[in-house]
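Undergrad: This is the structure, below, for whatever I ask next.
The values are calculated or read from the model by the stated rules, or taken from the named source; none is laboratory data. Keep in mind that this is a model prediction, so the values were computed, not measured. A quick note on method: Cβ atoms are made from the backbone with ideal geometry, for glycine too, and the neighbour counts reach across all protein chains shown.
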Amino acid sequence: MSTLLALDTATEACSVALLHDGKVTSHYEVIPRLHAQKLLPMIKELLASAGTTLQAVDAIAFGRGPGAFTGVRIAVGVVQGLAFALDRPVLPVSNLAVLAQRALREHGATQVAAAIDARMDEVYWGCYQETAGEMRLVGVEAVQAPEAAALPVDAHGEWFGAGTGWGYGERIAVNLSGQDASMLPHAEDLLTLARFAWARGEAIAADDAQPVYLRDKVATPKAR
């Protein structure tokens with residue numbers, strides 16, 4: 001049975017989760033600007049409480065963004081350092097997908113509009129639908145003004161809003177069945193998504209781990 005470690009530092013929350021011997025354990029704290037100091041001790045404590053070591057880990061999953069640039073870089077740096085040292089593969093997971101998965105776990109929402117406050121008067125946005133317990137992206141993830149955020153063109157049924165981007169809710173023209181604008185990504189849900197990806201053989205080499213900021217995709221050079 002596989003042992004998977006998951007970590008996330010892309011928002012104000014810092015969290016780690018572990019699948020070992022078929023059991024999931026996790027630790028979650030909202031600690032802005034303390035991720036770099038707290039992440040490795042949290043991993044060490046989690047492994048110790050589960051009675052295992054880093055050497056037993058088969059793959060490491062991480063929140064690859066979008067989110068705070070510094071936070072996403074911390075996650076990529078730590079996961080690459082650990083994975084290189086252990087010679088293990090990694091599993092990048094979207095932080096918007098993690099939000100959607102948490103909304104499924106905590107609210108039973110099967111259609112989720114996930115939004116993270118991107119600052120600069122924008123939101124990171126993605127829409128997800130549940131398939132066999134996994135929240136899957138419908139369309140594309142984007143960074144945009146709240147007014148530009150929309151559900152998929154063929155959307156129907158009830159949708160739940162998850163994430164800090166819903167702090168701009170009065171500017172997002174989407175009807176919801178409910179929302180949680182305080183929700184942040186949790187490594188427990190990242191681990192759930194990583195388990196699906198691991199089972200499909202989607203792990204990659206550590207040196208291929210890349211942050212996904214979304215914002216850098218909209219910066220294009222002007223035509224001469």
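Undergrad: Which of the residues belonging to the range 78-121 are in a helix (DSSP H, G or I) and under 16 Å from residue 54 (Cβ atoms)?
TA: Listed by number, the residues that qualify are 78, 79, 80, 81, 82, 83, 84, 85, 86.
Undergrad: A follow-up question, please. So which residues in the range 14-49 are over 23 Å from residue 102 (Cα atoms), of a type in the set (S, T, N, Q) and either touching a strand residue (DSSP E or B) at 6+ places or on another chain (Cβ under 8 Å) or in contact (Cβ under 8 Å) with a residue 12 or more places away in the chain (or both), if there are any at all?
TA: Correct list: 49 only.
Undergrad: Does residue 158 satisfy the condition of being of a type outside the set (A, V, I, L, M) and either in the same structural domain as residue 196 (by TED's automatic domain parsing) or under 25 Å from residue 215 (Cα atoms) (or both)?
TA: no
Undergrad: Then there's this: Scan the range 25-62 residue by residue and report those that are in a strand (DSSP E or B) and buried (at least 16 other Cβ atoms within 10 Å of the Cβ).
TA: Residues of the range 25-62 in a strand (DSSP E or B): 25-30, 59-62.
The answer is 26, 27, 28, 59, 60, 61, 62.
Undergrad: Kindly establish whether residue 143 is in contact (Cβ under 8 Å) with a residue 24 or more places away in the chain, of a type in the set (Val, Ile, Thr), part of a strand (DSSP E or B) and not assigned by TED's automatic domain parsing to the domain that holds residue 64.
TA: Here the answer is yes, as residue 143 does meet what is asked.
Undergrad: Given the criterion under 17 Å from the mean Cα position of the chain (by Cα) and under 21 Å from residue 89 (Cβ atoms), identify the matching residue among 53, 3, 9. Walk me through how you get there before you give the answer.
TA: Details: 53 fails: under 17 Å from the mean Cα position of the chain (by Cα); 3 fails: under 17 Å from the mean Cα position of the chain (by Cα).
Step by step, each of 53, 3, 9 is checked, and only 9 is under 17 Å from the mean Cα position of the chain (by Cα) and under 21 Å from residue 89 (Cβ atoms).
Undergrad: Of 172, 204, which residue is surrounded by 15 or more Cβ atoms within 10 Å (Cβ to Cβ), over 23 Å from residue 72 (Cα atoms) and not hydroxyl-bearing (Ser, Thr, Tyr)?
TA: 172
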